[in-house]
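Written out below as structure tokens is the structure these notes cover.
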Amino acid sequence: MADFVQIDQTGTTTLPHPTLRGLGDLEKDSEQPFATSASGISQTDLPIPIDAVPDPLVVFDAEGIIRGANRLLTQLLGYNDSALIGQPVETLYPDADRAAHRSVRQTFLSRASDPMPTMHREVFARRRNGTLIPIELSMMLVPTAVGVMFTASMRDSSRHVEIEKALTEAADEADAANVAKSRFLGTMSHELRTPLNAIIGFSEMIQHETLGPLPHEKYADYVRTIGVSARHLLDLINELIDLSLIEDNSLRLKLEPSDIKEILEECRSVIEPKAHSQSLKLRLLLPTGQTAYPVDPQRLRQVVLNLLSNAIKFTDTGGTITLALSKDATGMKVQVSDTGTGIAPAVLENIFELYVRSETDRNVTAGGLGIGLHVSKRLTEAMGGNITITSTLGEGTTVTLAFPPSTAIPANER
């Protein structure tokens, strides 16, 4: 444990330890017993009745000889009431620490003229049976009727140490479990993605009748459903892979000056068939002029497509989805707006947390694990931007990706 020493020169005449403050007002002729012997000192020789102190306390002289100890201390360290009197105070400390304690005592004596110097340390005390116990030691130099004496209170801190150790172990276990979870998700996701790619590839071949016509028209519907389901599952697995990379701090971006307009046009082309299949209007609003910005094109495309997919999920037939890009002195903004069901305020507060989903009746069929927005937020921030959502129930939702005018490269790319 680390030692820390504080010298108090305020001139106060009361003992500094919290449990000793105010004891100067107690009667010196306390009726509680005080361990003494012929070589000890009387309770009335001290400025305070130490048996009234609620902490274990030992009194020793300038030579380090114990002159008194209250019963709390003898009980803590396993001694009889008067067995300590006349013994070196270093007896109460581990062998390896005794020289350091003698040095501290000498330092105190060299400052005897100071107004009641005090010291607080976290150390180990040695019980009579040889076992060690962590304590909070508060020591001070005080004048008495028989000369200068030291008082040292010893508060048992083993419970605090146990709690601190348990908390540290729990935190380490949680970190280890989190790393193991991320690695498992990453490994499992990679193992699942390989056969899914085969399913998607062969379903497309069958759907396009590459090797010949289908024997029944119903098979075309079936194989289309297989392809759609496989792609949906692949999207979920890709989200899990990204999440494992993010949680494991293994995510790496390839930032490069990119034409944001071009990326958004690509996203519109990818998502447009899905929007039209649900009778939704898809608008793309782009500014004139250059719109280059240092991003990871693949990751920005992923974020925008995720937001567009969410908009399609939660917008009724005949609704409108708008993908817009704007640029001004404050930076660049990408917005995805819809005229869908909206998000409840209670859900909106935590919408970027893992596994949080919009609480609507559409959730049953909309799918998703509540990972996409969390991953989108982390990816956007990794590219130097931020993401916000505004929404009104029954009217729609707007998600904004804002990038500052700075072209600084985020830390994880350097």
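The values are calculated or read from the model by the stated rules, or taken from the named source; none is laboratory data. Remember, it's a predicted structure, so these values are computed and weren't measured experimentally. When we count neighbours, we look across all protein chains shown, and the Cβ atoms used for this are built from the backbone with ideal geometry, even at glycine.
Out of (1) among the hydroxyl-bearing types (Ser, Thr, Tyr); (2) in contact with a Pro (Cβ under 6 Å, 6 or more places away or on another chain); (3) in a helix (DSSP H, G or I), what's the single condition that is false for SER244?
Checking SER244 against (1) among the hydroxyl-bearing types (Ser, Thr, Tyr); (2) in contact with a Pro (Cβ under 6 Å, 6 or more places away or on another chain); (3) in a helix (DSSP H, G or I), the one that fails is (2).
Within the set of pairs 6 or more residues apart or between chains, which connect a residue that is in a helix (DSSP H, G or I) inside the stretch 270-281 to a residue that is exposed (fewer than 14 other Cβ atoms within 10 Å of the Cβ) and not hydroxyl-bearing (Ser, Thr, Tyr) with Cβ atoms less than 7 Å apart?
none
Checking ASP235 against (1) within 18 Å of GLY372 (Cα to Cα); (2) of a type in the set (Asp, Glu); (3) assigned to a loop (DSSP other than H, G, I, E, B), which single condition isn't satisfied?
So ASP235 meets the others, but not (3).
Please tell me if GLY370 is modelled with pLDDT of 75 or more, in contact with a Gly (Cβ under 7 Å, 6 or more places away or on another chain), within 30 Å of ALA230 (Cα to Cα) and outside the structural domain of ASN238 (by TED's automatic domain parsing). It would help to see each step written out before you state the result.
On the way: modelled with pLDDT of 75 or more: yes; in contact with a Gly (Cβ under 7 Å, 6 or more places away or on another chain): no; within 30 Å of ALA230 (Cα to Cα): yes; outside the structural domain of ASN238 (by TED's automatic domain parsing): yes.
Answer is no for this residue.
Tell me which residues, restricted to the stretch 27-67, are in contact with a strand residue (DSSP E or B) (Cβ under 7 Å, 6 or more places away or on another chain) and modelled with pLDDT of 85 or more. Steps first, please.
Start the filter on the stretch 27-67 by keeping residues that are in contact with a strand residue (DSSP E or B) (Cβ under 7 Å, 6 or more places away or on another chain), which leaves 34-36, 40-41, 45-47, 50, 53, 55-62, 64-67.
Passing the criteria: ASP55, PRO56, LEU57, VAL58, VAL59, PHE60, ASP61, ALA62, GLY64, ILE65, ILE66, ARG67.
If we scan the stretch 260-283, do we find a residue that is at positive phi, of a type outside the set (A, V, I, L, M, F, W, C), out of contact with any helix residue (DSSP H, G or I) (no Cβ under 6 Å at 6 or more places or on another chain) and not assigned by TED's automatic domain parsing to the domain that holds VAL334?
Looking only at the stretch 260-283, we keep the residues that are at positive phi, and these are 279.
Now narrow it down to the ones that are of a type outside the set (A, V, I, L, M, F, W, C): 279.
Restricting the remaining residues to those that are out of contact with any helix residue (DSSP H, G or I) (no Cβ under 6 Å at 6 or more places or on another chain) gives 279.
When the remaining residues are screened for being not assigned by TED's automatic domain parsing to the domain that holds VAL334, the result is none.
No, there is no match, as no residue in the stretch 260-283 is at positive phi, of a type outside the set (A, V, I, L, M, F, W, C), out of contact with any helix residue (DSSP H, G or I) (no Cβ under 6 Å at 6 or more places or on another chain) and not assigned by TED's automatic domain parsing to the domain that holds VAL334.
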